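Asker: Before I ask anything, here is the structure I am working with.
The values are calculated or read from the model by the stated rules, or taken from the named source; none is laboratory data. The model shown is predicted, which means the values in this text are computed figures rather than measured ones. Cβ: placed from backbone, ideal geometry, glycine included. Neighbour counts: every protein chain shown. Each accessible area value is taken on the protein alone, full model and side chains, heavy atoms only, with ligands, DNA and RNA left out. Shrake-Rupley method; radii C 1.70, N 1.55, O 1.52, S 1.80 Å.
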Amino acid sequence: MMKKHVLALAISAVLLAACGKKEEPAPAPAPVETTAAAPAAPAGPVLDDEKVLNIYNWPDYITETMIADFEKETGVKVNYDTFENNEALHAKLVAGNSGYDIVIPTAGFGKKQIDGGLYQEIDKTKIPNYANLDPEFMAKIAGVDPGNKHFVPWAWGFTTVGINKQKVEKALGGMPMPENAWDLVFKPEYANKLKGCGIIYLDSPSEILPVALHYVGKPAYSENPEDFKEAGAMLAKVRKDVRLFSSTMIDDIAGGKGCAFIGWSGDINIAADRVKETGGKDEIVPLLPTGGGLVFIDTMAIPKDAKHPNNALAFMDFYLRAENGAAMANEMNYPTGNKAALPMIKDEVKGNKTIFLSDEDTARLIPTGGFSNEVSGVVNDTYNAFKRGK
Ligand code: SPD
């Protein structure tokens, strides 16, 4: 009975309240307190405690603002040194404690450095822009670095013959240009005519021996010591015609020290631009020999004992931004393995057939590779004997 009464009272109280309710503005909602996190600021790269990065690269191989831009964005201070050839980099790495966090070996040459345990594996999870790389290009590097564990592409190009067109034509005196441009620097009947205006070779065994071996019909990266005798004999015949062995090729070409050179495609193009900019009349031209140019792919790697590996990975990620890949082609004349960069490359660079090769010239390229440790002694001895003229 009591229960029924309480229930009736309660129902009538609700009804009464409903009937007698005045229209009043709803109160403003009280501020909602929540435990949800505020929207996250974009995650920055993981950096090492010490904000320093030591890079060891080839000369004239980075855009003007790349380092300053990275420093500004991350607060990491970059120390940047250069080496002249793969042999110099190799000696530094083998000695240990190089102090470098990123070095730039040529992939084929660097294979023995991977095999020797000189590099750490790359933590790709810390390089989101790795996704910008062209899988087909990466497959080529995987030939020397299975699984792409150690090498991240920097740029690529090819070793070839460059000329100062006007000087070479004059020196040849009506003799037609050879079909295979390697003849200019390897065949006595041409080299002898060009010695007056100057033949320049890159100064490094691993640059000269592959192209010399290929020229005499042997594998560019032969492991057979007998093949080196033939290449050495060919080189000996033109030794007296070589004016200079150069580690400063851009300056030497632009400074007029020679008229025919064995050099790198991008560097010859840089020298050509420099001559034009300074009002020079002569044309510097990288040639596309029917005998093929020798492909190289330069890559970033982190030495085993690097002190700032996270800063190195942060730089790699920065470098792999599409706009930075495009800048390497636009400013440095070297193509990139960064697929996302392609739409940002200037038409005049894309249209330069000595930077972005035609299918025909691509098919003629001598594939990238490297000599093993076992044959390195023969490579160096053959080169040194040639250089000394013995
Ligand atoms: N301006 C420097 C270009 C560096 C090219 N590296 C070439 C390696 C060829 N073996």
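Asker: State the number of residues belonging to the range 250-267 that are near the ligand (Cβ under 10 Å from one of its atoms) and not in a strand (DSSP E or B). It would help to see each step written out before you state the result.
Answerer: The initial filter retains those residues of the range 250-267 that are near the ligand (Cβ under 10 Å from one of its atoms), namely 250, 263-267.
Narrowing the set further to residues that are not in a strand (DSSP E or B) leaves 250, 265-267.
Of the residues in the range 250-267, 4 are near the ligand (Cβ under 10 Å from one of its atoms) and not in a strand (DSSP E or B).
Asker: Taking the condition buried (at least 20 other Cβ atoms within 10 Å of the Cβ) and at negative phi, does VAL216 pass? Reasoning before the result, please.
Answerer: On the way: buried (at least 20 other Cβ atoms within 10 Å of the Cβ): no; at negative phi: yes.
Taking the combined requirement at face value, the residue does not satisfy it.
Asker: So, one more: Kindly list the number of the only condition in (1) free of Cβ contacts under 8 Å to residues at least 60 places away in the same chain; (2) not assigned by TED's automatic domain parsing to the domain that holds LYS237 that fails for GLY377.
Answerer: Checking GLY377 against (1) free of Cβ contacts under 8 Å to residues at least 60 places away in the same chain; (2) not assigned by TED's automatic domain parsing to the domain that holds LYS237, the one that fails is (2).
Asker: What is the one condition in (1) buried (at least 24 other Cβ atoms within 10 Å of the Cβ); (2) of a type in the set (S, T, N, Q); (3) within 12 Å of the ligand (Cβ to nearest atom) that SER247 does not satisfy?
Answerer: Failing condition for SER247: (1).
Asker: So LYS165 passes all but one of these: (1) crowded, with 17+ Cβ neighbours inside 10 Å; (2) under 24 Å from GLU331 (Cα atoms); (3) over 18 Å from the mean Cα position of the chain (by Cα). Which condition number does it fail?
Answerer: It is condition (1) that LYS165 fails.
Asker: Could you tell me whether PHE137 is touching a residue at least 24 places away in the same chain (Cβ under 8 Å), within 14 Å of the ligand (Cβ to nearest atom) and aromatic (Phe, Trp, Tyr)?
Answerer: Working: touching a residue at least 24 places away in the same chain (Cβ under 8 Å): yes; within 14 Å of the ligand (Cβ to nearest atom): no; aromatic (Phe, Trp, Tyr): yes.
Considered against the rule, which asks whether it is touching a residue at least 24 places away in the same chain (Cβ under 8 Å), within 14 Å of the ligand (Cβ to nearest atom) and aromatic (Phe, Trp, Tyr), PHE137 comes out as no.
Asker: Looking at the range 334-390, what helices (runs of 4 or more DSSP H) fall wholly within it and have at least 3 residues that are touching a Pro at 6+ places or on another chain (Cβ under 6 Å)?
Answerer: Numbers: elements: 347-350, 359-364, 373-388.
Answer list for the range 334-390: 373-388.
Asker: Of everything in the range 207-229, what is farther than 16 Å from TRP182 by Cα and either within 16 Å of the ligand (Cβ to nearest atom) or over 28 Å from the mean Cα position of the chain (by Cα) (or both)? Give them in sequence order.
Answerer: TYR221, ASN224, PRO225, GLU226, ASP227, PHE228, LYS229
Asker: Let me spell it out: the conditions are (1) in contact (Cβ under 8 Å) with a residue 60 or more places away in the chain; (2) open to solvent by 50 Å² or more (accessible area, probe 1.4 Å), and TYR334 meets all of them except one. Which number is the exception?
Answerer: With (1) in contact (Cβ under 8 Å) with a residue 60 or more places away in the chain; (2) open to solvent by 50 Å² or more (accessible area, probe 1.4 Å) applied to TYR334, the lone miss is (2).
Asker: For the range 71-94, state whether one or more residues are closer than 23 Å to ASN324 by Cα, in contact with a strand residue (DSSP E or B) (Cβ under 9 Å, 6 or more places away or on another chain), of a type in the set (Lys, Arg) and within 16 Å of the ligand (Cβ to nearest atom).
Answerer: Filtering the range 71-94 down to residues closer than 23 Å to ASN324 by Cα leaves 71-83.
Narrowing further to those that are in contact with a strand residue (DSSP E or B) (Cβ under 9 Å, 6 or more places away or on another chain): 71, 74, 76-83.
Still in the running and of a type in the set (Lys, Arg): 77.
Now drop any that are not within 16 Å of the ligand (Cβ to nearest atom), which leaves none.
No, the range 71-94 has no match at all.
Asker: Right, next: Of all residues in the range 99-140, how many are closer than 18 Å to PRO303 by Cα and crowded, with 20+ Cβ neighbours inside 10 Å?
Answerer: First, the residues of the range 99-140 that are closer than 18 Å to PRO303 by Cα: 99-124, 126-127.
Now drop any that are not crowded, with 20+ Cβ neighbours inside 10 Å, which leaves 100-111, 113, 118-119, 122, 127.
Final tally of qualifying residues: 17.
Asker: Kindly check whether there is at least one residue in the range 272-293 that is under 18 Å from the mean Cα position of the chain (by Cα), at pLDDT 95 or above and either aliphatic (A, V, I, L, M) or within 13 Å of the ligand (Cβ to nearest atom) (or both). Can you show your working first?
Answerer: Step one: filter the range 272-293 for residues under 18 Å from the mean Cα position of the chain (by Cα), giving 293.
Next cut, at pLDDT 95 or above only: 293.
After this cut, where a residue has to be either aliphatic (A, V, I, L, M) or within 13 Å of the ligand (Cβ to nearest atom) (or both) as well, the list is 293.
There is at least one residue in the range 272-293 that is under 18 Å from the mean Cα position of the chain (by Cα), at pLDDT 95 or above and either aliphatic (A, V, I, L, M) or within 13 Å of the ligand (Cβ to nearest atom) (or both).
Asker: Restricting to the range 70-112, count the residues that are in contact (Cβ under 8 Å) with a residue 24 or more places away in the chain and farther than 24 Å from MET138 by Cβ. Break it down into steps so the answer makes sense when it comes.
Answerer: Applying the first criterion (in contact (Cβ under 8 Å) with a residue 24 or more places away in the chain) to the range 70-112 yields 70, 73-87, 89, 92-94, 96-112.
When the remaining residues are screened for being farther than 24 Å from MET138 by Cβ, the result is 73-85, 87, 92, 94, 96-99.
Final tally of qualifying residues: 20.
Asker: Filter the range 168-189 down to the residues that are loosely packed, with under 15 Cβ neighbours inside 10 Å and among the basic types (Lys, Arg) and list them by number.
Answerer: LYS170
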